[in-house]
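Enquirer: One structure, pasted below without further comment.
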């Protein structure tokens with residue numbers, strides 16, 4: 001990381017791509033360069049977890065619609081549901097290039113990456129035709145109603161209930177950490193439909209309309225001072241009969257499908273990346289050359305340099321594992337290992353990266369957004385504070401380690 005040293009680069013060559021895919025990558029890269037929107041002049045969220053204001057939301061929704069109209073969203077989804085039925089998995093290329101360019105993320109992340117693929121896997125023909133295209137165009141935003149104040153890590157202990165009525169269902173209960181609930185048209189909702197059944201068997205999965213009466217959305221402010229999270233309270237809120245996804249009592253099984261997409265263990269996304277900022281070891285190296293430490297650039301500090309190299313090795317391993325995941329013969333011994341480790345390793349890598357950046361900045365890391373003296377406009381300390389939500393959401397790091405130990409390595413369950 002010293003200015004006199006060569007810039008960090010990959011020790012392995014890029015995976016060779018078929019000509020058609022390589023040409024498509026160049027096409028996407030050129031489109032992003034020509035169409036990436038300029039700075040709007042107001043604070044943008046770092047990820048879909050921090051969307052709070054109307055102008056942030058509308059700016060991001062306009063961007064998603066522009067990408068869809070250009071033909072770069074929903075490539076893998078069937079054409080009859082608004083996609084393109086692409087057999088070449090080119091959506092992955094679009095996501096890679098969006099992340100590489102640090103392009104804005106798509107505001108309908110939950111719809112694109114979790115709700116949509118789950119509806120494709122378990123929905124009726126009518127549900128697929130009704131819900132999928134508006135997810136791609138961002139006409140209808142989705143949120144996720146899984147966690148509750150007393151049911152987070154032990155999700156199957158949820159108590160929100162859905163009771164049958166003459167016209168459908170009535171929901172009563174309380175969901176929390178509900179990202180984008182304040183902007184959403186629909187929620188993927190887990191609710192208990194049979195309180196007498198064993199806890200894993202009495203849960204059903206619903207596509208809940210957020211404009212129903214009896215729904216109260218209350219914002220939650222994170223330690224960064226930003227919104228985006230909410231809690232949602234249901235007071236006998238009605239939903240139609242066809243809001244049920246799959247069969248009654250099949251909710252836990254369908255929820256595992258959603259979590260497989262959320263944790264990166266399955267592919268089928270409509271597109272997009274989780275955040276707008278492409279913090280990486282390269283951006284950290286650039287910061288190290290600018291930041292001052294003990295009378296010189298932080299890049300000369302041997303301890304900081306060693307920690308940066310360790311992070312670079314993690315980043316490189318994640319990149320190469322992305323290639324390995326797509327080669328069946330390299331994963332036969334433990335086919336789910338790389339997929340299930342992705343969320344755990346990446347979320348902790350991103351946290352460690354932001355923490356190291358703040359250490360390099362020293363006292364300047366206390367300068368927050370809006371301070372003209374803040375290096376990189378204060379995005380590094382903001383990224384560090386926001387990183388804790390990522391190591392918790394979608395299953396805490398502790399839960400991810402249990403899953404890897406028990407389901408991948410076959411270790412006994414902890415007592």
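Derivation of every value follows stated rules applied to the coordinates shown; laboratory data play no part. Being a predicted model, the structure only gives us computed values, none of them experimental. Here the Cβ is made from the backbone with ideal geometry for all residues, glycine too, and neighbour counts use every protein chain on show.
Enquirer: Would you mind ranking 72, 384 by Cβ crowding within 10 Å, fewest neighbours first?
Expert: Working: 72 24, 384 21.
With the sparsest Cβ surroundings first, the list reads 384, 72.
Enquirer: Then there's this: Given N residues in region 67-127, what is its alpha carbon radius of gyration divided by 2.2 N^0.38 Å? Numbers along the way, then the final one.
Expert: Working: Rg = 12.1 Å, N = 61, 2.2 N^0.38 = 10.5 Å.
Ratio of Rg to 2.2 N^0.38 Å for region 67-127: 1.15.
Enquirer: Note the angle between two axes, namely the Cα long axis of helix 125-137 and the longest principal axis of the Cα atoms of the chain, as a number of degrees from 0 to 90, rounded to the nearest 10.
Expert: It works out to around 30 degrees.
Enquirer: I need the shape label for region 32-162. Rule: rounded when a/c is under 1.5, else prolate if a/b > b/c, else oblate, with a, b, c from the alpha carbon gyration tensor.
Expert: oblate
Enquirer: Please work out the C-alpha center-to-center distance from region 48-102 to region 126-182 and express it in whole Å.
Expert: 22 Å
Enquirer: Using 0.36 nm times the number of residues separating residue 241 and residue 55, minus their current alpha carbon distance, what extension gain do you get?
Expert: 63.5 nm
Enquirer: Still on this model: Sort 157, 147, 184 so that the residue with the fewest other Cβ atoms within 10 Å of its own Cβ comes first and the one with the most comes last. All intermediate terms of the calculation are to be shown ahead of the outcome.
Expert: Details: 157 12, 147 19, 184 27.
Least to most surrounded, the residues fall as 157, 147, 184.
Enquirer: Can you give the three extents of the C-alpha atoms in region 139-284 along their principal axes, from longest to shortest, in whole Å?
Expert: On the principal axes, region 139-284 reaches 58, 31, 30 Å in Cα extent.
Enquirer: Test of understanding: ordering 178, 216 by Cβ neighbours within 10 Å, fewest first, what list do you get?
Expert: Numbers: 178 25, 216 12.
Placing the least packed residue first, the sequence is 216, 178.
Enquirer: Which percent, nearest 5, of DSSP beta bridges in region 142-251 are antiparallel?
Expert: Here the antiparallel bridges make up roughly 85 percent for region 142-251.
Enquirer: Provide the packing ranking of 406-412, 171-177, 21-27, 345-351, i.e. peptides ordered by the mean count of other C-beta atoms within 10 Å per residue, highest first.
Expert: Final packing ranking: 171-177, 345-351, 21-27, 406-412.
Enquirer: Could you please state, rounded to a whole Å, how far the C-alpha centre of region 291-306 is from the C-alpha centre of region 107-125?
Expert: Each part's Cα centre sits 46 Å from the other's.
Enquirer: In whole Å, what is the distance between the alpha-carbon centres of region 361-415 and region 205-244?
Expert: That distance is 26 Å.
Enquirer: In Å³ and rounded to a whole number, note down the convex hull volume per residue for the Cα atoms of the chain. Walk me through the numbers on the way to the answer.
Expert: Numbers: hull volume 66.5 nm³, N = 415.
Spelled out: Cα convex hull of the chain, divided by residues, is 160 Å³.
Enquirer: In Å, what Kirkwood hydrodynamic radius results for region 146-190 from the alpha-carbon pair distances?
Expert: 11.7 Å
Enquirer: Also, I was wondering about something else. Just to be sure I understand the curve: with the Debye formula and one point per C-alpha of region 281-408, what is log10 I(q)/I(0) at q = 0.14, 0.17 Å⁻¹?
Expert: -0.71, -0.92
Enquirer: Moving on to the next point. Which value at 222 nm does the chain reach when only helices count, each DSSP H run of 4 or more adding -39,500 (n - 2.57), with the total divided by all residues and rounded to the nearest 500 deg cm²/dmol?
Expert: Values: 11 runs with 156 residues, N = 415.
Value at 222 nm, helices only, nearest 500: -12000 deg cm²/dmol.
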